[in-house]
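To start, the structure under review is shown below, and the notes come after it.
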Amino acid sequence: MMSLRSAADTEFCAPVAKQQQQQQRPKTTAASTTTTMGIYSVYVINKAGSLLFSGDYAPIPSMDANSRLRLAGLLHGLTTFAGKLSPVDDQSGIEEIEGDGFRLERFQPLSGMQFVVLCDTQQGPLKPFLRKCHRLYADFVLKNPFYSIDMPIRCELFDTHLKAAVEEINRS
Amino acid sequence: MARREVKRVNGELFTMTYGALVAQLLEDYESDDEVNKQLDKMGYNIGVRMVDDFIANTNTERCGSFKETCTTLAKEGFRMFLGVTATISNWTADDKECTLTIDDNPLVAFVELPDEHRELNYCNMYCGAIRGALELLQYRTRVTMTKDVLKGDKDTQLTITLLEVLDDVPPPED
């Protein structure tokens, strides 16, 4: 459990650094007229708990690749555990984690892939956004014949469409 | 989104592409058996990719049983990807084996199977695709062609046998 704390701290302290961001923001998103941050990051984790994709969409403290991998594995482990805790037959696992300065939403379609989004507390429900992520994954990752299943996602089309989807949310 | 733009492809182009593929495989491999295997393998790779597309674009709820899953696959899956429907019948008493009948098999429209390729299961890609799709939904299955219009049967029939329900996913590799 210690490792959960330490690994989680790296990511979940993002809201602590929010003060900083708010000072930075005018510089980094000068063109934007928004006042809230919206979506911080998006993660795609496969059914075995390996991180296939991660992207940051706000000026949050960046994390190195290993911490991200560990975090994905941990979240996966926790959600399996959460499913086991449930007194009723419920395989959905963790759907949401809320903190003082951030919210995590997780969506797992029937195929077992996991889509995770980190956002600020003001952000409304992101289930539709996560469904869209799944569609983008089905379209631009799986239908790309040169993508091998369960390998890290390096598909430019996926990147650009996901970025557009995030920006659409962050703008509204 | 991409799928909206390419929603309709000429059906004959699809049929002919598949035909060209099978013909090329027959040239490249020695035996019909080997070609069947290759078709199954290709189908599998398509199946594991297709299932997410299906789930993402339909509002399918979790199916409660293997039986329900097969019915959804036959009714909605075939309609979504091939524009035809298939029917499921002949369930065994333990609900582990059934027959899937493809009513209007689009792959065989112009095909006459040559005498020297009697062992070829021309539509074997279906088997792989179904196996792949079901595997992602935690069902390990064996899918075989049992009736083939090209071999004089009345319709195309596949037999789906449930071998195992995959329960625990492998632990994440670090």
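Of the residues making up the stretch A:115-137, at least one is of a type in the set (Asp, Glu) and over 27 Å from B:LEU73 (Cβ atoms).
Of all residues in the stretch B:118-131, those being surrounded by 15 or more Cβ atoms within 10 Å (Cβ to Cβ), assigned to a loop (DSSP other than H, G, I, E, B) and of a type in the set (Lys, Arg) number 0. Has the stretch B:5-27 got at least one residue that is within 30 Å of A:ALA164 (Cβ to Cβ), among the hydrophobic types (A, V, I, L, M, F, W, C) and within 12 Å of chain A (Cβ to nearest Cβ)? Looking for residues that are within 30 Å of A:ALA164 (Cβ to Cβ), among the hydrophobic types (A, V, I, L, M, F, W, C) and within 12 Å of chain A (Cβ to nearest Cβ), one finds at least one in the stretch B:5-27, hence yes. Might you let me know whether the stretch B:70-78 holds any residue that is within 14 Å of chain A (Cβ to nearest Cβ), within 18 Å of A:ASP139 (Cα to Cα), among the hydroxyl-bearing types (Ser, Thr, Tyr) and surrounded by fewer than 21 Cβ atoms within 10 Å (Cβ to Cβ)? No, the stretch B:70-78 has no match at all.
If you check B:LEU162, B:LEU134 for being surrounded by 15 or more Cβ atoms within 10 Å (Cβ to Cβ) and within 14 Å of chain A (Cβ to nearest Cβ), only one passes: B:LEU134.
Among the residues of the stretch A:118-141, at least one is touching a residue at least 24 places away in the same chain (Cβ under 8 Å) and within 14 Å of A:ALA72 (Cα to Cα).
Looking at this structure, is A:PRO87 closer than 26 Å to A:ILE169 by Cβ and modelled with pLDDT under 90? Criteria not met by A:PRO87. Taking A:SER50 as the residue in question, decide whether it is touching an Asp or Glu at 6+ places or on another chain (Cβ under 8 Å) and surrounded by fewer than 20 Cβ atoms within 10 Å (Cβ to Cβ). For A:SER50, the condition - touching an Asp or Glu at 6+ places or on another chain (Cβ under 8 Å) and surrounded by fewer than 20 Cβ atoms within 10 Å (Cβ to Cβ) - is met. The residues on offer are B:ASN45, B:ASN59, and the sole one that is more than 18 Å from B:GLU116 (Cα to Cα), surrounded by fewer than 11 Cβ atoms within 10 Å (Cβ to Cβ) and within 13 Å of another protein chain (Cβ to nearest Cβ) is B:ASN59. Output yes when any residue across the stretch B:97-107 is farther than 29 Å from A:LEU130 by Cα, more than 16 Å from the chain's Cα centre (by Cα) and loosely packed, with under 15 Cβ neighbours inside 10 Å, and no when none is. No, the stretch B:97-107 has no match at all. Where helices (runs of 4 or more DSSP H) fall wholly inside the stretch B:1-117, the ranges with 2 or more residues that are under 24 Å from A:PRO145 (Cα atoms) and either touching a residue at least 12 places away in the same chain (Cβ under 8 Å) or among the aromatic types (Phe, Trp, Tyr) (or both) are B:11-28, B:32-57, B:78-82. Got at least one residue in the stretch A:160-167 being facing another protein chain (nearest Cβ under 9 Å) and in a helix (DSSP H, G or I)? Yes, because at least one residue in the stretch A:160-167 is facing another protein chain (nearest Cβ under 9 Å) and in a helix (DSSP H, G or I). Residue count for the stretch A:103-117 under the criterion of being under 17 Å from A:SER54 (Cα atoms) and in contact (Cβ under 8 Å) with a residue 40 or more places away in the chain: the result is 5.
The values are calculated or read from the model by the stated rules, or taken from the named source; none is laboratory data. Just so you know, these numbers come straight off a predicted model, no measurement behind them. Neighbour counts run over all protein chains shown; Cβ positions are idealised from the backbone, glycine included.
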